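Peer 1: I am attaching a structure below and will ask some questions about it afterwards.
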Amino acid sequence: MKCKRCGKEAQINILAPFCESCFKIHYEKRVENLVRKYNLIRRGDKVLVAVSGGKDSLSCALVLSKLKDKIGFDMEILTMDVNTSCVKEDIKDIVENFSRKIGVKFNFISFKEYFNFDKKLEDWMMEKKVKRPVCSFCGLLKRYVMNKFARENGFTKIATGHCANDILRFFFKNLKSGNLDLISKLKPIIYSEHSKQVTKIRPLFECLEEENFYYAKLNGVEVVKSCSFYLTKDRTYKLVEDFLNLYKKDFIRFVRFLEKVEIRGDEKKLFECKICGEPTNREICSVCKLVGKSCYG
Ligand code: AMP
Ligand code: ZN
C-alpha cells in the first residue's frame, strides 16, 4: 500500500495509509488544527501538561512542545506518583528524562508526601474504610492536586492526554447511567467555572490510542505501561474496542459530533470548600471529607 501523502511505501495504516514521516506530520497537523479551531491554547498561555508516563500523555506533551514556539506559549510538565501498586516502573525517572530531552521543565509530586500516606493508597483506603473504587479515589486526588498546583503556579491551562478512546468510553458510560450533564462536558476545552478552577484542555481529543502509541514509538519515546487495573475493570472498554473495530474510519465524525452537541443537564454551582478553600460543588470537598485536612495541611 502507498502512503496517502507522498506515495512511498506505507508502514502505518490506522485511519489511512502513511509512511512513518508522513504519519508524524499528519498526526501533528490534526492536533494543531484542533488547538486552533477551539482556541485551546492562545499566545501567552502557560500550559501545565499532566504526564502519567503513558503513551497518550507523553505524545500530548511531545506534540505540544512542537507547537510551543509556533503558537507562542509556555509549557511545563507535572507528574504525580499516585502511590498505588498499579504503577510499578519508575515514572519519575522516565518522565524527567523525557522532559529534559524536549527541553521542558519537569515538576513532580508524590502523593505519599503530599497527603502524608504511610502506606499504598489501596491499603490506606482499606484501613480508613473509604468505600470508593481505587481508580475513582485516585482520579479525585489527581484532579485536586493538578488544579491546585496549576493555579498556585500561575498556569492558565491544564492539558491532559485524554484521547478519542477515553472520550468514547466516557460517552457510553454516561449514556448508560443517564448522566447528561457529563456528556456535555466531553469537549476539547472545559472552561473554568470558578476563579480557583483552571481551564482544562484535551489536545488529543481527535486522536486514537493506537495513533498515540505509534507517535510515541516513532519518536523513540520510552513509555510506562498504563494502569491496567482501571482498564480491566472498565466494562465500557470492550464496548469501545468493538465500536472502533466496526466504525474506525468514521470515528472522527463521531468525536466531532460530540464536540458540537449541547445537552443541558443540571447546572452545578461551584463554591469554595469550607476547609481547604478549593472549588467544589458541596460545602466540604470530597478530598477533605475522605483524606482530612489534618493529613496534608
Ligand atoms: P487517566 O485518568 O489515568 O485516564 O488519565 C487521564 C490523563 O490524566 C492522562 O492522560 C494524563 O494527562 C493525566 N494523568 C493521569 N495520571 C497522571 C499522573 N500520575 N501524573 C500526571 N498526570 C496524570
Ligand atoms: Zn477541601
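The values are calculated or read from the model by the stated rules, or taken from the named source; none is laboratory data. Remember, it's a predicted structure, so these values are computed and weren't measured experimentally. Here the Cβ is made from the backbone with ideal geometry for all residues, glycine too, and neighbour counts use every protein chain on show.
Peer 1: From the residues in segment 77-105 that are among the polar types (S, T, N, Q) and assigned to a loop (DSSP other than H, G, I, E, B), which one is nearest to ligand 2 (Cβ to nearest atom)?
Peer 2: Once the filter is applied, the top-ranked residue is Asn83.
Peer 1: While we're looking at this one, here's another question. Which condition number does Leu62 fail, the rest of (1) farther than 12 Å from Val223 by Cα; (2) at pLDDT 95 or above; (3) in contact with a strand residue (DSSP E or B) (Cβ under 7 Å, 6 or more places away or on another chain) being met?
Peer 2: Unmet condition: (3).
Peer 1: Scan segment 175-212 for residues that are at pLDDT 85 or above, part of a helix (DSSP H, G or I) and more than 16 Å from the chain's Cα centre (by Cα) and jot them down.
Peer 2: none
Peer 1: Still on this model: How about segment 145-174: which of its residues are among the β-branched types (Val, Ile, Thr) and more than 15 Å from the chain's Cα centre (by Cα)?
Peer 2: Across segment 145-174, the qualifying residue is only Thr156.
Peer 1: Any residue at all in segment 261-280 that's modelled with pLDDT under 90, more than 16 Å from ligand 1 (Cβ to nearest atom), hydrophobic (A, V, I, L, M, F, W, C) and outside any helix (DSSP H, G or I)?
Peer 2: yes
Peer 1: Here are some conditions: (1) out of contact with any Ser or Thr (no Cβ under 7 Å at 6 or more places or on another chain); (2) of a type outside the set (Lys, Arg); (3) within 16 Å of ligand 1 (Cβ to nearest atom); (4) at pLDDT 95 or above. Ala50 meets all but one. Which one does it not meet?
Peer 2: So the condition that Ala50 fails would be (1).
Peer 1: I'm told Gly103 meets every condition in (1) on the phi > 0 side of the Ramachandran plot; (2) touching a strand residue (DSSP E or B) at 6+ places or on another chain (Cβ under 8 Å); (3) among the small types (Gly, Ala, Ser) except one. Can you identify the failing condition by its number?
Peer 2: The number of the failed condition is (2).
Peer 1: In addition: Kindly indicate whether any position in segment 222-241 is aliphatic (A, V, I, L, M), assigned to a loop (DSSP other than H, G, I, E, B) and at pLDDT 80 or above.
Peer 2: Checking segment 222-241: at least one residue is aliphatic (A, V, I, L, M), assigned to a loop (DSSP other than H, G, I, E, B) and at pLDDT 80 or above.
Peer 1: Here is a further query. Would segment 81-93 turn up any residue that is without any contact (Cβ under 8 Å) to a residue 60 or more places away in the chain and farther than 30 Å from Glu122 by Cβ?
Peer 2: No, there is no match, as no residue in segment 81-93 is without any contact (Cβ under 8 Å) to a residue 60 or more places away in the chain and farther than 30 Å from Glu122 by Cβ.
Peer 1: So Phe108 passes all but one of these: (1) without any contact (Cβ under 8 Å) to a residue 60 or more places away in the chain; (2) assigned to a helix (DSSP H, G or I). Which condition number does it fail?
Peer 2: Single failed check for Phe108: (2).
Peer 1: Here's a follow-up. Take the residues in segment 133-166 that are among the charged types (D, E, K, R) and more than 16 Å from ligand 2 (Cβ to nearest atom), then tell me which one is farthest from Thr199 (Cα to Cα).
Peer 2: Filtering segment 133-166 for residues that are among the charged types (D, E, K, R) and more than 16 Å from ligand 2 (Cβ to nearest atom), the one farthest from Thr199 (Cα to Cα) comes out as Asp166.
Peer 1: Please find, among Arg264, Arg256, the residue that is closer than 18 Å to Glu206 by Cα and out of contact with any Phe, Trp or Tyr (no Cβ under 9 Å at 6 or more places or on another chain).
Peer 2: None of the other options fit; the residue is Arg256.
Peer 1: Going residue by residue through segment 136-159, is there one that turns out to be surrounded by 15 or more Cβ atoms within 10 Å (Cβ to Cβ), of a type in the set (Gly, Ala, Ser), touching a residue at least 60 places away in the same chain (Cβ under 8 Å) and within 16 Å of ligand 1 (Cβ to nearest atom)?
Peer 2: yes
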